[in-house]
1. Just grab the label-to-label distance for Glu64 and Arg350, each label 7 Å out from Cα along the Cβ direction, in nm (one decimal).
2. Once you place label points 7 Å from the Cα toward the Cβ at Asp310 and Glu9, how far apart are they in nm?
3. Tell me which trypsin sites (Lys or Arg not before Pro) from region 277-347 have a DSSP coil assignment and no more than 14 other beta carbons within 10 Å of their own.
4. Could you give the length gained by full extension between Asp42 and Gln318, i.e. 0.36 nm per residue of separation minus their alpha carbon distance, to one decimal place?
5. Tally up the carbon and sulfur contribution to the accessible surface of region 274-365 as a whole percent, 1.4 Å probe, everything protein left in place.
6. Let me know the charge dipole size of region 277-365 about its Cα centre in debye, to the nearest 20, where only the beta-carbon of Lys, Arg (+1) and Asp, Glu (-1) is charged.
7. Sticking with the crude label model, points 7 Å out along Cα→Cβ, report the distance from Glu33 to Ala90 in nm, one decimal please.
8. Of the accessible area of region 1-124, with the probe set at 1.4 angstrom, what percent is carbon plus sulfur?
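The values are calculated or read from the model by the stated rules, or taken from the named source; none is laboratory data. The shown structure was predicted, so the numbers you read here are calculated from the model rather than taken from an experiment. Here the Cβ positions follow ideal geometry from the backbone for every residue, glycine too, while neighbour counts run over all protein chains shown. Areas reflect the complete protein model, heavy atoms only, side chains present, ligands, DNA and RNA absent. Shrake-Rupley method; radii C 1.70, N 1.55, O 1.52, S 1.80 Å.
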Amino acid sequence: MIEIGAQVELSHPAERVWRALTDRELLGRWFAEAEMVEGVPDRLLLRTAGLPGFQADVEVEVTERQEPDLLVLACDEAGRLSEVTCDVTATTQGCRLEVREVTTHGGWSVEQQKPREQQLRQALTVRLPAILDWLAFQQVDLRRADGGMTAELPLIGVRGRAGRNPRRRRTLIAVVAGAVLLAGTAAWVTLSPDPKPVAAPAPTATASASPTATAGRATVVSTATPSARPSRATASATTRPTRTPSAKPSLTPTSAAPPPPPAPVTARYETESDRLFGYTGEIVVGNPGGAPVADWAVVVTLAEGTTVDDVEGANWRQDRRVITFTGAAVAAGGSQTISFDVRDSRPNAREPESCTIGGQQCAGL
């Protein structure tokens, strides 16, 4: 007998969790597509053949039902039989859901058991809470004053004009002012300087006494004649060697700069699986070089309204929407796989806005 299981604390009432466990359409949104078996009550066919850890679709029959506390299912997966028990226990914050699956005939291989348990844990801790949140939003009466119910979702993260951050506004003004100042400085640097004015020859007065007789008096008439002394400009031209243009090195580079060295490691992003209100992303970090690389970091910017729930294969830290993944050294010619679950506030999940490693864009995004 082999047993696998998982449990999760939920901030929702037991009745809402029971609905997610027993409603065929809801079950298909967080676990697997479900179809009714014609002519047989309390029997479903779960389309699990493509899920990790499952080899075929599972035929399910309800054997015990105590609403909203206990649900027991008999499962048949291509001749391998098991029993699934769902226990719902009310708590002060909502309820606790525990799911256990025990084989009654046949069993799973080691390669099947681990991904099957991971699939169950991911469904309970990531997908089911998202469906329950969606159901809770549908049950909120946003138009109680007008009468009638509505299924509209509230807007998240949207501010009006009056609610803008003044600090952000001051920062924007400072950036614009800095850009204008920088542009003015660049224009001043590129303007050629005005030529210095050359001093004109300065006339000098020399007195020449020429007596003239006017009404019995001798008058000395002073006449100004240009001095033979050379002007400052002339003296400068005659006493200093004339500058002749010298051969200056050309500012145009004779050869193109060498291209920057390639990044020591590469990264490729892929959405491994998507679902309502979330998805699972995968990043493969590769080292094509000939030596191990220890200092690497993958930086992922998530879409607005998304958060990371679980990460495997790397250490990680979060700064608002920016997630930084780091890890052990990647061997020469080797790779490292990072898997992370993302929860989205919108039903249609959105991929990350960007993914970089060493400043280079990740492939596949």
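1. Taking the two extended label points, one gets 4.6 nm.
2. 1.7 nm
3. Listed in order of number, the matching sites are Arg320.
4. The Asp42-Gln318 span can extend by a further 94.8 nm.
5. Carbon and sulfur together cover 44 percent of it.
6. Using Cβ point charges on Lys, Arg, Asp and Glu, region 277-365 gives about 140 debye.
7. So the label points at Glu33 and Ala90 sit 3.8 nm apart.
8. Answer for region 1-124 is 46 percent, counting heavy atoms of protein chains only.
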